[in-house]
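Notes for the one structure printed next.
The values are calculated or read from the model by the stated rules, or taken from the named source; none is laboratory data. Everything quoted here is computed from the prediction, not taken from an experiment. Glycine also receives a Cβ, built like all others from the backbone with ideal geometry; neighbour counts cover every protein chain displayed.
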Amino acid sequence: MKQLPANTASPSYWRGFVAGLLAADGHVDARGSVALYNKDAAVLAQIAERMAVAGFISSGITMTRETSPYDGTLKPIYRLQFFKATISPDDLLLPSHRANFETSPQARNATIRVLDVRETAKIEEVFCCIEPETHTI
């Protein structure tokens, strides 16, 4: 198992660590979709928790396969999917990853937007959804 940086590691250290992981265990498809793969969902959860400090945001962890295509044994693989808007071409160290990312359609910077505001009699407490340390949603 790879040794994860300490929780106290700087944001720039985490960004470099994640860039290295993407080169070693990641994939960037032709649509520019960026993901990390690992056999242990708990490891990906630890990475997802800390990578936000560096400005990377994930959309969650999913199982991509349960059994090995080679011998049929139980060998699950999990994927940690990144929001494309939080990735920079400089984060992608492999030329093939960078090429797929740069030639793909650009991610929209805002995926959440207000469509309509109407006055009602309803009174609710609201909260800002911006994360205070990285200023991301």
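See the values below:
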quantity: Test result for residue 22, closer than 18 Å to residue 3 by Cβ and touching a His at 6+ places or on another chain (Cβ under 9 Å); calculated: yes
quantity: Yes/no for residue 37 being surrounded by fewer than 19 Cβ atoms within 10 Å (Cβ to Cβ) and under 14 Å from the mean Cα position of the chain (by Cα); calculated: yes
quantity: Pairs, first within 10 Å of residue 53 (Cα to Cα) in the stretch 5-16, second of a type in the set (Val, Ile, Thr) and surrounded by 15 or more Cβ atoms within 10 Å (Cβ to Cβ), C-beta under 7 Å, six or more apart; calculated: 11/53; 14/53
quantity: Residues of the stretch 96-116 classified as over 14 Å from residue 27 (Cβ atoms) and at pLDDT 85 or above, total; calculated: 2
quantity: Residues satisfying the stated conditions in the stretch 55-75, i.e. surrounded by 12 or more Cβ atoms within 10 Å (Cβ to Cβ) and of a type in the set (D, E, K, R); calculated: 65, 75
quantity: The stretch 81-94, subset in contact with a helix residue (DSSP H, G or I) (Cβ under 6 Å, 6 or more places away or on another chain) and surrounded by 18 or more Cβ atoms within 10 Å (Cβ to Cβ), residue nearest to residue 11 (Cα to Cα); calculated: 91
quantity: Among (1) loosely packed, with under 15 Cβ neighbours inside 10 Å; (2) closer than 18 Å to residue 4 by Cα; (3) not aliphatic (A, V, I, L, M), the one test that residue 78 misses; calculated: (1)
quantity: Some residue of the stretch 29-42 being out of contact with any helix residue (DSSP H, G or I) (no Cβ under 6 Å at 6 or more places or on another chain) and among the hydroxyl-bearing types (Ser, Thr, Tyr); calculated: yes
quantity: The stretch 40-54 - residue that is of a type in the set (Gly, Ala, Ser) and crowded, with 19+ Cβ neighbours inside 10 Å and, of those, farthest from residue 15 (Cα to Cα); calculated: 48
quantity: All strands (runs of 3 or more DSSP E) inside the stretch 21-88 with 1 or more residues being touching a residue at least 60 places away in the same chain (Cβ under 8 Å) and aliphatic (A, V, I, L, M); calculated: 26-28, 34-38
